[in-house]
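Following: one structure in structure tokens, then a few remarks.
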Amino acid sequence: MKDEIHSYIESLIKERDPLFKEMEQFAIQHNVPIMELAGIEVLLQLLNMQRPARILEIGTAIGYSAMRMAAALPEAEIVTIERDNERYEQAVLNISKSEYQHQINILKGDALEIVNEVKDFGSFDAIFIDAAKGQYMRFFELYTPFLSKNGYVYTDNVLFKGLVVNDHIENKRIRNLVKKIKSYNEWIMNHEQYSTTIIPVGDGLAISRKQN
Ligand SMILES: C[S@@+](CC[C@H](N)C(=O)[O-])C[C@H]1O[C@@H](n2cnc3c(N)ncnc32)[C@H](O)[C@@H]1O
């Protein structure tokens, strides 16, 4: 999306609770990649329409999106996974200081390895994928067996700062990452059991609805 439009939308977004503003500042100061403001607003709006009772988040970082989901959906229970020790500790601290601790279960580990632990929580009405971009397809395949009948999968960063339409990426690591995101996008858009739409908001949000 054009930068001016993006800034315009952000300028219209209501002030957040001081706790969330503090976390946004922390993320900037410590280089923690939390969800972009316009992106999370759209995600929360969609979740409010869907009203999931249970949400699985892959990629907690410092707990920002998990806590915002908990605040927007006071009835929802959230299970969130983080593999980085420092971020996990920070998320535990943030969540424990908040009024959302009874809603959020945070698991420490690599989402590619702790499927059995997650399995014990039962099924989820929504899965939010916001972790290692090169692994989206594996996250999707590992965790959608736990998605409930009318469930949705939300995937962030599918447009990766617009790099998905850049054919001249010099950095090899980024080029490979973009290649993986593009194959995820093509794969998910053509998936027989899911109907998917990509919204060019934030860093690009894919919404996949399970077909029954
Ligand atoms: C973009 S951040 C998550 C931001 C968070 N959802 C938010 O908006 O507040 C991605 C996080 O996923 C974690 N991560 C990446 N790959 C992971 C994996 N395989 N298992 C668990 N966590 C992972 C990273 O350590 C990082 O903290």
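A few comments on the model shown:
- Positions within region 81-100 being touching an Asp or Glu at 6+ places or on another chain (Cβ under 8 Å) and either touching a residue at least 60 places away in the same chain (Cβ under 8 Å) or more than 8 Å from the ligand (Cβ to nearest atom) (or both), in sequence order: Tyr88, Ala91
- Check on Asp130, surrounded by 12 or more Cβ atoms within 10 Å (Cβ to Cβ), touching an Asp or Glu at 6+ places or on another chain (Cβ under 7 Å) and modelled with pLDDT of 95 or more: yes
- Test: residue in region 150-158 that is away from the ligand (no atom under 16 Å from the Cβ) and loosely packed, with under 14 Cβ neighbours inside 10 Å: yes
- Here Pro200 fulfils each of the conditions (1) more than 17 Å from the chain's Cα centre (by Cα); (2) touching a residue at least 60 places away in the same chain (Cβ under 8 Å) apart from (1).
- Considering (1) over 24 Å from Thr197 (Cβ atoms); (2) surrounded by fewer than 24 Cβ atoms within 10 Å (Cβ to Cβ), the lone condition that Leu47 does not fulfil carries the number (1).
- Residues within region 101-122 that are farther than 21 Å from His30 by Cα, among the basic types (Lys, Arg) and within 11 Å of the ligand (Cβ to nearest atom), tallied: 0
- Cross-chain or 6+ apart pairs with Cβ under 6 Å, region 22-33 first and within 14 Å of Arg87 (Cβ to Cβ) and in contact (Cβ under 8 Å) with a residue 24 or more places away in the chain, then near the ligand (Cβ under 10 Å from one of its atoms) and aliphatic (A, V, I, L, M): Ala27/Ile34; Val32/Ala61; Val32/Ile62
- Test: residue in region 107-117 that is under 20 Å from Asp84 (Cβ atoms), of a type in the set (Gly, Ala, Ser) and touching a helix residue (DSSP H, G or I) at 6+ places or on another chain (Cβ under 8 Å): yes
- Every test in (1) within 24 Å of Gln50 (Cα to Cα); (2) at pLDDT 95 or above; (3) not basic (Lys, Arg) is passed by Pro200 save one, and that test is (2).
- Close Cβ contacts (under 8 Å, 6 or more residues apart or on different chains) running from residues in region 134-162 that are farther than 17 Å from Gly202 by Cβ and in contact (Cβ under 8 Å) with a residue 24 or more places away in the chain to residues that are aromatic (Phe, Trp, Tyr) and part of a strand (DSSP E or B) comprise Tyr143/Phe124; Phe146/Phe124; Leu147/Phe124; Ser148/Phe124; Gly151/Phe124.
- Among the residues of region 165-179, the one identified as buried (at least 16 other Cβ atoms within 10 Å of the Cβ) and touching a residue at least 40 places away in the same chain (Cβ under 8 Å) is Leu177.
The values are calculated or read from the model by the stated rules, or taken from the named source; none is laboratory data. What you see is a predicted model, and the numbers here were worked out from it, not measured in a lab. When we count neighbours, we look across all protein chains shown, and the Cβ atoms used for this are built from the backbone with ideal geometry, even at glycine.
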